[in-house]
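Asker: Structure in structure tokens, see below.
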Amino acid sequence: MSVFENDAFKHHESVHFFSDESTGLQAIIAIHSSVLGPALGGCRVVNYADSHEALEDVLRLSRGMSFKNSLAELELGGGKSVIIPPKNWNGDPRHDGKGRAELFRSFGRAVQSLGGRYIAAEDMNVSVEDAQNMALETDYVVGLDVARGGMGDPSPLTAEGVFLGIRACVRRAFKTDSLDGLTVSVQGLGKVGWRLCEDLHAAGARLIVADIVPETTARAARLFGAKVVDTDAIVTIKADVFAPCARGAVINDDTIGALDVRVVAGSANNQLSHGALGHDLMQRGIIYAPDYVINAGGVINIAPETKGQVNHEWVSKKIKKMEDIVGEIVDEAMKSNRSTNDVANEIATRRILDARDSGRAWKPAFVKKPTLRQSA
Ligand code: NAD
């Protein structure tokens, strides 16, 4: 595959391939931008069909991280990493047997070799334990748990940001500040989705839920009086708000025509299978909270760790602003007749380019060149 001509590669600063025969590590780290600061983004382990698919995924995701970190006004650039599971894991990215700890230590050495230009964190199939193993070899990993001096699980903060983002959209769609009596459909009752349901239920919303784990939906029915529907039905069921909190590409060319809501606002990454769907949503009168804007609570939570700090107060203040940020993007989209994702991309890109063009780009503090001494 050509690299520089590849659309997904466009605007990336660098892409790094690592392999370590002693641990079976095969990994790619993509740095999309380090203009605003070191490139922060999670590491995922996925059973890709081949290395081309892994490359496409990491390039797409690292670009998204640049936008997310820029829009959240963090002093961080965007990057991402993927690990291809070694053959002896038999296609199981969550393999917890022999060799897992060594593999993540090996990945930690790869991260360290970039001298702080990339900072890793957890993503799909990478646990706090895995991050801790990376930390044995690198200074550049965050998302560690509280007992180990980290900021802890980001999911409750992500859920809080999503709740506030939903409120911003509801205010614009229904001219009310209250969620009381509104119906919200939630796809995925995991760490974020469940917490969001708790907040929505407390705010008086009626819930419709779906998850592939029946015990979870049964619990939601019991505790929140939620109506449970099939995982296929949830995307197109009639509701006021749809909150995708499971997986990407739920809004696609097949589903968009059947959406029956006024607002789409949830935590899942890459909710639109392609960007033009943002425009289609707008045409259909549906307010869409761009995913990387509304789900930034998680990255905001780990941002202090990148400076070696634990600062829950700063995080809490920053999350509270998310209602305004989502609202301003929706207002600008309505005013300029553009999709919310186009508006968000433009703001995020402008911040990066302004910093670059005005000479404020972050510069990595690489190891100083040793002073040469004249031999006598
Ligand atoms: P999770 O793995 O804890 O939860 C996902 C839930 O979705 C699980 O309960 C799973 O059973 C369910 N699910 C999977 N496939 C489904 C399907 N087809 N239909 C319905 N339910 C399905 O993940 P999470 O941490 O809650 O994250 C949810 C989403 O938000 C993910 O897309 C994640 O990338 C994104 N996100 C999470 C955070 C965070 O802080 N955790 C931050 C930013 C973005």
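The values are calculated or read from the model by the stated rules, or taken from the named source; none is laboratory data. Please read these numbers as outputs of a predicted model, since none were measured by experiment. Positions of Cβ are generated from backbone atoms using ideal geometry, with glycine treated the same way; all protein chains shown enter the neighbour counts. Each accessible area value is taken on the protein alone, full model and side chains, heavy atoms only, with ligands, DNA and RNA left out. Shrake-Rupley method; radii C 1.70, N 1.55, O 1.52, S 1.80 Å.
Here's the yes/no breakdown for (1) buried (at least 21 other Cβ atoms within 10 Å of the Cβ); (2) free of Cβ contacts under 8 Å to residues at least 40 places away in the same chain; (3) within 16 Å of the ligand (Cβ to nearest atom):
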{"site": "S106", "(1), (2), (3)": "yes, no, no"}
{"site": "Q112", "(1), (2), (3)": "no, yes, no"}
{"site": "R148", "(1), (2), (3)": "no, yes, no"}
{"site": "L182", "(1), (2), (3)": "yes, no, no"}
{"site": "V192", "(1), (2), (3)": "yes, no, yes"}
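Asker: Let me ask something else. Starting from residues that are part of a loop (DSSP other than H, G, I, E, B) and either more than 10 Å from the ligand (Cβ to nearest atom) or of a type outside the set (A, V, I, L, M) (or both), keep the ones in segment 203-215 and report whichever is least open to solvent (accessible area, probe 1.4 Å).
Answerer: Within segment 203-215, the first condition is being part of a loop (DSSP other than H, G, I, E, B), and the residues that meet it are 203-205, 211-213.
Filter once more, keeping what is either more than 10 Å from the ligand (Cβ to nearest atom) or of a type outside the set (A, V, I, L, M) (or both): 203-205, 211.
Details: A203: 32, G204: 26, A205: 8, D211: 36 Å².
Taking the candidates together, the pick is A205.
Asker: Please enumerate the residues belonging to segment 234-255 that are surrounded by 17 or more Cβ atoms within 10 Å (Cβ to Cβ), within 18 Å of C197 (Cα to Cα) and away from the ligand (no atom under 12 Å from the Cβ).
Answerer: Once the filter is applied, which keeps residues that are surrounded by 17 or more Cβ atoms within 10 Å (Cβ to Cβ), within 18 Å of C197 (Cα to Cα) and away from the ligand (no atom under 12 Å from the Cβ), segment 234-255 yields I237, A239, D240, V241, F242.
Asker: Only one residue in T217, T183 is hydroxyl-bearing (S, T, Y) and more than 27 Å from I329 (Cα to Cα), so which one is that?
Answerer: T217
Asker: Among the candidates A218, A258, which residue alone is within 15 Å of the ligand (Cβ to nearest atom), surrounded by fewer than 20 Cβ atoms within 10 Å (Cβ to Cβ) and at pLDDT 95 or above? Show your work before the answer.
Answerer: Numbers: A258 fails: within 15 Å of the ligand (Cβ to nearest atom).
That would be A218, the only listed residue that is within 15 Å of the ligand (Cβ to nearest atom), surrounded by fewer than 20 Cβ atoms within 10 Å (Cβ to Cβ) and at pLDDT 95 or above.
Asker: Just checking: which of the helices (runs of 4 or more DSSP H) contained wholly in segment 266-376 hold 1 or more residues that are open to solvent by less than 60 Å² (accessible area, probe 1.4 Å) and within 16 Å of the ligand (Cβ to nearest atom)?
Answerer: Details: elements: 277-283, 291-294, 297-302, 312-320, 322-336, 340-357.
Counting at least 1 such residues, we get 291-294, 297-302, 312-320, 322-336, 340-357.
Asker: Of all residues in segment 251-265, count the ones that are farther than 13 Å from V293 by Cβ and part of a loop (DSSP other than H, G, I, E, B).
Answerer: Initially, segment 251-265 is screened for residues farther than 13 Å from V293 by Cβ, giving 251-263.
Among the residues that remain, those that are also part of a loop (DSSP other than H, G, I, E, B) are: 252-255, 259-262.
Residues meeting the conditions: 8.
Asker: Go through segment 64-104 and report how many residues are crowded, with 22+ Cβ neighbours inside 10 Å and among the β-branched types (V, I, T).
Answerer: Residues that pass the stated criteria total 2.
Asker: Which residues, counting only those in segment 175-199, are in contact with a helix residue (DSSP H, G or I) (Cβ under 7 Å, 6 or more places away or on another chain) and either hydrophobic (A, V, I, L, M, F, W, C) or within 15 Å of A233 (Cα to Cα) (or both)? Steps first, please.
Answerer: From segment 175-199, those in contact with a helix residue (DSSP H, G or I) (Cβ under 7 Å, 6 or more places away or on another chain) are 176-177, 179, 182, 184, 186, 189, 191-192, 195-197, 199; that's our starting set.
Residues satisfying the conditions are L179, L182, V184, V186, L189, V192, L196, C197.
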